[in-house]
2 protein chains.
Amino acid sequence: MSTTSRIAIDAMGGDGGLPVMIGGAAAALAADPTLRLLLIGDEAGIHAELQRHAALAAAADVRHAPETIASTEKPTLAIRRAKTTSMGLVISAVKSREAAAAVSAGNTGALMAMAKLSLRTMKGIARPALAATLPTLGDNDLVMLDLGANTECDADNLVQFAVMGAAYSRIVLGVDTPRVRLLNIGVEELKGTDEVREAADTLRASPHLPLRFEGFIEADRLGRGEADVIVSDGFTGNIALKSVEGTARFITDLLRRAFTSSFRSKAGFLLSRPAFHMLKTHLDPNNHNGAVFLGLNGIIVKSHGGADIGGVANAISVAAKLARDGITERITADLGAIGHGEGLAK
Amino acid sequence: MSTTSRIAIDAMGGDGGLPVMIGGAAAALAADPTLRLLLIGDEAGIHAELQRHAALAAAADVRHAPETIASTEKPTLAIRRAKTTSMGLVISAVKSREAAAAVSAGNTGALMAMAKLSLRTMKGIARPALAATLPTLGDNDLVMLDLGANTECDADNLVQFAVMGAAYSRIVLGVDTPRVRLLNIGVEELKGTDEVREAADTLRASPHLPLRFEGFIEADRLGRGEADVIVSDGFTGNIALKSVEGTARFITDLLRRAFTSSFRSKAGFLLSRPAFHMLKTHLDPNNHNGAVFLGLNGIIVKSHGGADIGGVANAISVAAKLARDGITERITADLGAIGHGEGLAK
């Protein structure tokens, strides 16, 4: 079994618990039979779930972790339990190269703190950022970061996020020269916080970076295909992403109400069912589940706590693809080519 | 003509120019024939538009303003031209009580700076905030503030916004004890920026305020009817609002694509047209157009720059309702009753 294709799974994180995490691993394996998995958590519970997933039982190793990080646990306390918890042990498996990547649906802050302490950030990167892809009306998916790893960021952090996001877009999505924009409350140069404006000045003055900086973008233009990478601090990015997700759900609920309001509408709904299915597939956050911490020496993917089995499977596929594409090595090379960030204009 | 019901209109602001602003005023008058208007801007242009709106011509006075504030003009420069611009003159009309409220679709930063300088903030309020109502799945509309007046806010600003937002909810929407929440990236007490956490501490320690503080809310729960007032700094609020608006448009576009993808879907669409109409009406930002600067000694309503005639009419109706309801006096009384903000726990 090649360790380079093995993904370590924190079997204990997430709202759905073991059945969803193990079910997600089984679904990911069904979609890609070359996957190998390392399932870490309560050994007895994992083996009980594996009774229902024979193919997964054959493709997975199980490792016991006596403890679990709670979703409300403070990151500063969580990091003391790296050696005994399922979350700590999936990260260790990446560090020791027993696994090519790790997936957890647990406490985001704890995962970030533990991963940063264990794997360290790449040379030239002060802080990792949480990145994910979102659907657009354009030709390519959009990379958004930071989605919540860093509540406050300075201009240098934002510039580093831009470089990492561009590398992600190039490597994973195949966009040659990603168009990068900073999320802001206006497109004029004088808009926004000092940090955002200073980051824009630096990016504008750095034409040698492997990206095309195109200024600011407002939040109502996120999905229009006008940018390949959108950069913000983690507070703002999290607010934007969750506003998008909440609105999509809000509208789905409204549609359901509207289409059951009369017999005629119901008939229309039945006829249009394939169209609705297309819409639902496109919008379902489970189909875009799996955010990665960019900037670490190792691949750590965060699955949404509320993801279903399909969502967990998607996060595992994201982790496997990032490992296959060698994203860590390639971002490191990218940063090296521009002088570990020292090439960024100040 | 009673001046208390007269609304001053900045005829020059907005992307659609004079035809949309004057058309919007005519539409607002058609909906409420008791309205009286003061149209300020290029006199010749206004009179030319009024040729097409006889009823409005009879209900409106026209005042010439030789200059216009550009949408890209810096607020610090704009305030020097208060006496010669349409934006400056609508604010002056409110200050002199020639108008009960003013509506402008121009440069938000300039409008805020000019209005603050001319009208001053209420006692106990350090900064005005831009507030608007949004639809929810619950019984009442939601009041959101600040939507972009203040890029950065401290904890005291946020607490004052909470008190003003609750007054708006009580006075305009009739909610007895508004449920207030702070927008944050998690609901646990330790989440978010220092400002947000400190504001939460103050609100929690102030049970005598005329509102019910219920902690944090995440951006994916905005429209679920779980809060009557949602408070944030202007950067975050603007990002959230525009993410919601952009997603609604994104989904409308996807629906259009989906429903024209096959003959069957098209047939379903035709049958369901009333349902779609209901959805569109509910989501159309024009139906919720008109944000007010709370905390000033006078009513200044900001119409979205991209609003259509119906949207401008809606903003004028909002201004008229706020004037009729005496929102300025009632918020002032509210603040007085709690000791001009000095009653807030520190």
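The values are calculated or read from the model by the stated rules, or taken from the named source; none is laboratory data. Note that this is a predicted model, so its numbers are computed, not measured. Cβ placement follows ideal geometry from the backbone for every residue including glycine, while neighbour counts extend to all protein chains displayed.
Considering only the range A:80-94, I want to know if a residue exists there that is touching an Asp or Glu at 6+ places or on another chain (Cβ under 6 Å) and closer than 17 Å to residue A:311 by Cβ. Looking through the range A:80-94, none of the residues is touching an Asp or Glu at 6+ places or on another chain (Cβ under 6 Å) and closer than 17 Å to residue A:311 by Cβ.
Within the range A:162-180, the only residue that satisfies the criterion of being over 17 Å from the mean Cα position of the chain (by Cα) and polar (S, T, N, Q) is A:177. Scanning the range A:300-324 for residues that are part of a helix (DSSP H, G or I) and more than 23 Å from residue A:249 (Cβ to Cβ) gives A:316, A:317, A:319, A:320, A:321, A:322, A:323, A:324. Taking the range A:213-248 as the range and being touching a helix residue (DSSP H, G or I) at 6+ places or on another chain (Cβ under 9 Å), over 23 Å from residue B:217 (Cα atoms) and among the charged types (D, E, K, R) as the test, the residues that pass are A:221, A:224, A:228.
Name the residues in the range A:220-265 that are surrounded by 23 or more Cβ atoms within 10 Å (Cβ to Cβ), within 7 Å of chain B (Cβ to nearest Cβ) and either touching a Gly at 6+ places or on another chain (Cβ under 6 Å) or on the phi > 0 side of the Ramachandran plot (or both), would you? Within the range A:220-265, A:222, A:238, A:250 meet the criteria. Given the options A:133, A:151, name the one that is of a type in the set (S, T, N, Q), within 14 Å of chain B (Cβ to nearest Cβ) and either over 15 Å from residue A:292 (Cα atoms) or not in a loop (DSSP other than H, G, I, E, B) (or both). Just one listed residue meets the conditions, A:151. Figure legend. Inter-residue proximity from the range B:169-192: first residues assigned to a strand (DSSP E or B), second residues among the hydroxyl-bearing types (Ser, Thr, Tyr) and crowded, with 16+ Cβ neighbours inside 10 Å, beta-carbon distance below 8 Å, spacing 6+ or different chains. Indicated pairs: B:182/B:232; B:183/B:232; B:183/B:236. Filtered by the rule that a residue be of a type in the set (A, V, I, L, M), surrounded by fewer than 18 Cβ atoms within 10 Å (Cβ to Cβ) and touching a helix residue (DSSP H, G or I) at 6+ places or on another chain (Cβ under 9 Å), the range A:19-53 gives A:30, A:31, A:48.
Within the range B:168-182, can one find any residue that is in contact with a strand residue (DSSP E or B) (Cβ under 6 Å, 6 or more places away or on another chain) and either among the small types (Gly, Ala, Ser) or under 30 Å from residue B:89 (Cα atoms) (or both)? There is at least one residue in the range B:168-182 that is in contact with a strand residue (DSSP E or B) (Cβ under 6 Å, 6 or more places away or on another chain) and either among the small types (Gly, Ala, Ser) or under 30 Å from residue B:89 (Cα atoms) (or both). Of all residues in the range A:202-213, one or more are closer than 27 Å to residue B:306 by Cα and assigned by TED's automatic domain parsing to the domain that holds residue A:137. Of the residues that make up the range A:19-39, is at least one at pLDDT 95 or above, closer than 20 Å to residue A:83 by Cβ, assigned to a strand (DSSP E or B) and touching a Lys or Arg at 6+ places or on another chain (Cβ under 8 Å)? Within the range A:19-39, one or more residues are at pLDDT 95 or above, closer than 20 Å to residue A:83 by Cβ, assigned to a strand (DSSP E or B) and touching a Lys or Arg at 6+ places or on another chain (Cβ under 8 Å). Taking the range B:73-125 as the range and being assigned to a loop (DSSP other than H, G, I, E, B) and over 20 Å from the mean Cα position of the chain (by Cα) as the test, the residues that pass are B:73, B:74, B:82, B:83, B:84, B:96, B:97, B:98, B:123, B:124. The sole residue among B:181, B:197, B:170 that is more than 10 Å from chain A (Cβ to nearest Cβ) and surrounded by fewer than 18 Cβ atoms within 10 Å (Cβ to Cβ) is B:197.
In the range B:295-307, the residues that are under 10 Å from residue B:14 (Cβ atoms) and in the same structural domain as residue B:101 (by TED's automatic domain parsing) reach residues that are surrounded by fewer than 22 Cβ atoms within 10 Å (Cβ to Cβ) and among the acidic types (Asp, Glu) with C-beta atoms within less than 8 angstrom, at least six apart or across chains, in these pairs: B:305/B:15; B:306/B:15. Hey, does the range A:270-289 have a residue that's β-branched (Val, Ile, Thr), part of a helix (DSSP H, G or I), without any contact (Cβ under 8 Å) to a residue 12 or more places away in the chain and surrounded by fewer than 20 Cβ atoms within 10 Å (Cβ to Cβ)? The answer is yes, given that some residue of the range A:270-289 is β-branched (Val, Ile, Thr), part of a helix (DSSP H, G or I), without any contact (Cβ under 8 Å) to a residue 12 or more places away in the chain and surrounded by fewer than 20 Cβ atoms within 10 Å (Cβ to Cβ). Just one of (1) modelled with pLDDT of 95 or more; (2) out of contact with any strand residue (DSSP E or B) (no Cβ under 8 Å at 6 or more places or on another chain); (3) of a type outside the set (D, E, K, R) fails for residue A:232. It is (2).
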